[in-house]
1. What are the residues in segment B:66-91 that are touching a residue at least 40 places away in the same chain (Cβ under 8 Å), at the interface with chain A (Cβ under 7 Å from one of its Cβ atoms) and of a type in the set (Gly, Ala, Ser), if any?
2. Do we have any residue at all in segment B:172-193 that's modelled with pLDDT of 90 or more, among the charged types (D, E, K, R), open to solvent by less than 10 Å² (accessible area, probe 1.4 Å) and closer than 26 Å to B:Gly159 by Cβ?
3. Based on what the data block shows, is B:Glu94 at the interface with chain A (Cβ under 8 Å from one of its Cβ atoms) and either over 30 Å from B:Gly52 (Cα atoms) or over 17 Å from the mean Cα position of the chain (by Cα) (or both)?
4. Could you look through segment B:97-110, keep only residues that are part of a loop (DSSP other than H, G, I, E, B) and more than 7 Å from chain A (Cβ to nearest Cβ), and pick out the one that is most open to solvent (accessible area, probe 1.4 Å)?
5. Given the condition more than 13 Å from chain A (Cβ to nearest Cβ), surrounded by fewer than 16 Cβ atoms within 10 Å (Cβ to Cβ) and in contact with a Pro (Cβ under 7 Å, 6 or more places away or on another chain), answer yes or no: does some residue in segment B:142-150 qualify?
6. Taking segment A:26-63, which residues are over 20 Å from the mean Cα position of the chain (by Cα) and either open to solvent by less than 20 Å² (accessible area, probe 1.4 Å) or not hydroxyl-bearing (Ser, Thr, Tyr) (or both)?
7. Within segment A:252-265, is even one residue open to solvent by less than 10 Å² (accessible area, probe 1.4 Å), among the small types (Gly, Ala, Ser), outside any loop (DSSP other than H, G, I, E, B) and touching a helix residue (DSSP H, G or I) at 6+ places or on another chain (Cβ under 9 Å)?
8. Just wondering, is there one or more residues in segment A:372-381 that are over 28 Å from the mean Cα position of the chain (by Cα), open to solvent by 70 Å² or more (accessible area, probe 1.4 Å) and within 23 Å of A:Val10 (Cβ to Cβ)?
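The values are calculated or read from the model by the stated rules, or taken from the named source; none is laboratory data. Quantities reported herein were computed from a predicted structural model and do not represent experimental measurements. Note: ideal-geometry Cβ built from the backbone for every residue, glycine included; neighbour counts use all protein chains shown. Only protein heavy atoms, including side chains, enter the accessible area calculation; ligands, DNA and RNA are left aside. Shrake-Rupley method; radii C 1.70, N 1.55, O 1.52, S 1.80 Å.
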Amino acid sequence: MSIFTQNRSVRIFIGILVLFTLGVTVMSEAYGTGAISVSFTKVLGMTLCLCLAALAMDLVWGYCGILSLGHFAFFGLGGYGIGMWLMTARTEAVVRANLAGGVIPPTEAEVSQATALQIFSVVGAEDWPWMWAASDSLFLSLVLIVAVPGLLALVFGWLAFRSRVTGVYLSILTQAMTLALSLYLFQNDTGLRGNNGLSGLQNIPGAEAIGQDRISIWFFWASAVALGLAYVAAAWLISSKFGNIIRGIRDDEQRVRFLGYRVESYKLFVFTLTGILCGIAGALYYPQAGIINPDEIAPIASIYLAVWVAIGGRGRLYGAVIGAAVVSLLSTYFTGGRAPDIALGAFRIEWVDWWPVLLGLGFVLVTLFAPKGLGGLVDYVVRKDRA
Amino acid sequence: MSSLLEVQGVSVTFDGFRAINNLSFQIGMPEMRAVIGPNGAGKTTFMDIVTGKTRPDTGSVRWGDLGHSLLSMSEAQIAQAGIGRKFQRPTVFEDQSVQDNLRVALKKPRGPIAAILDRTTDTDRARISEIAGEIGLADHLSTRAGILSHGQKQWLEIGMLLAQDPKLLLVDEPAAGMTTEEREHTTALLKRLAETHAVVVVEHDMEFVRRLDCRVTVLHEGAVLAEGSLEHVMADGRVVDVYLGR
């Protein structure tokens, strides 16, 4: 593909991603020395998924100028999509095993009923909610992982862009969207187990005999492949005339419109595409996280997504990836109890509490001293001649 | 000469303020027309109405031989129909090269999918360098538009209009902030364009209008006050009043 020959950053990025994936593999417990624990393999795989979401955020915000503060909603929907299938298939297997001891083999209806009871008794229900209709089919679930976030983005974007809602108003609207979705999912009778969310997602149906050590590295590979493919596709997209046009929309929407382009169609295209990318990222993330609940798509999550891209440097694809990787790994370090607390006599710095302060400080510093983000520093090192 | 754009009895009110008051205007092709008037005369609002940015309360705006109404069309549709607009402040995509600016403007299918699959053909390349030559930016094709001089940006924007291949060009204050030499270039460029296009130039600068040497429409309080040659309108007592103050 010509994108590799034309675009040096794509070659470098893919090279680094391949090396990183190989490095993690040879240090993994399943296929290597075991220097990287299963749980840390999962953290790294999840980080790659967050990088993918940040890449989407960079496309929609950094390149098209739409500051969406709701893209994590699409991420969550992807997670719920795969979660329903995982939970259904896994619970059904357990139920079958339990019923197998009886004298008369259970009917399919009995299995289905028992599975539903098992899943939904926690919210006081015993029947399958309508939104689980496709949950017994992996294929349909995969279709929905793309279709549901895509459709929500399409409808929301169509309404917003058609009315020419822009700037901070659009940001507020997207926050409202993700908040509304989160509150809706919190309700017990929505059908997605309310605040319990979906759990046990790390158990892959049909792979009971395979340990988490191997499953974790498989998901890590899948996440790396998804990020790599999305990166190449995004680089190809923005190198086309389409890329010139959406950057034009970001910088001067009016000019683009008076050149005869329907700005709304372009925004809708980018918004929907990135919504789908976030959905895919979420579907890869939550089997590694093991649990999803409505808190995941609280408004703050989407704001973090924007913060990562801002720190990494918007308007450059590797910037988004760097930002998401650095900030989310630091976040894991500081909030995961790994960072040693600092005793200052009577006062004690506990990093779990101080991490948001540190993040805020980092955000301010980057804004002040590296307005192009951490990705901009890469430019500075790589091509000093162009300043 | 049949009429290309025909504006009939148009009025528009913003919060009780009558920005355009029963305005009628007509231009054929090829023709150069200067629209002058003091601040608040409605010059920019007039352009907004023609390009679809503002919807008038009453009146009609008709386009082309078939007299299609522009009022039901979106900005993008109007632009595609053949009306190009240059803004007062030079608006080019500063982040992108001169070449990319022209490439985006080039008359080609405007949909997202077409833009993704678009390949710059030899014809496109030839057209881009032709336009770049026309606007004096042939040596700056790969220059980032943001670092062009003010005058060069104005030209680039005119070049982007040309790339659209419009029939009518609406040009808002093309000479603002230009050096004398740049003004001469701009005058020559606009005159050349007016040989094959309809060109409406909104201008404050009387000296520049005099150089354009064309028919002049004077707007005042949202209506046409006078129309004719510059000498003719400047001989009109009302025009003098408006410009020199009462």
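1. If the condition is that a residue be touching a residue at least 40 places away in the same chain (Cβ under 8 Å), at the interface with chain A (Cβ under 7 Å from one of its Cβ atoms) and of a type in the set (Gly, Ala, Ser), then B:Ala79 is the only one that fits.
2. Within segment B:172-193, one or more residues are modelled with pLDDT of 90 or more, among the charged types (D, E, K, R), open to solvent by less than 10 Å² (accessible area, probe 1.4 Å) and closer than 26 Å to B:Gly159 by Cβ.
3. yes
4. Checked segment B:97-110; the qualifying residue most open to solvent (accessible area, probe 1.4 Å) is B:Lys107.
5. Scanning segment B:142-150 turns up at least one residue that is more than 13 Å from chain A (Cβ to nearest Cβ), surrounded by fewer than 16 Cβ atoms within 10 Å (Cβ to Cβ) and in contact with a Pro (Cβ under 7 Å, 6 or more places away or on another chain).
6. A:Val26, A:Met27, A:Ser28, A:Glu29, A:Ala30, A:Gly32, A:Gly34, A:Ala35, A:Ile36, A:Val38 - these are the residues of segment A:26-63 that are over 20 Å from the mean Cα position of the chain (by Cα) and either open to solvent by less than 20 Å² (accessible area, probe 1.4 Å) or not hydroxyl-bearing (Ser, Thr, Tyr) (or both).
7. No: zero hits.
8. Yes, there is a match, as at least one residue in segment A:372-381 is over 28 Å from the mean Cα position of the chain (by Cα), open to solvent by 70 Å² or more (accessible area, probe 1.4 Å) and within 23 Å of A:Val10 (Cβ to Cβ).
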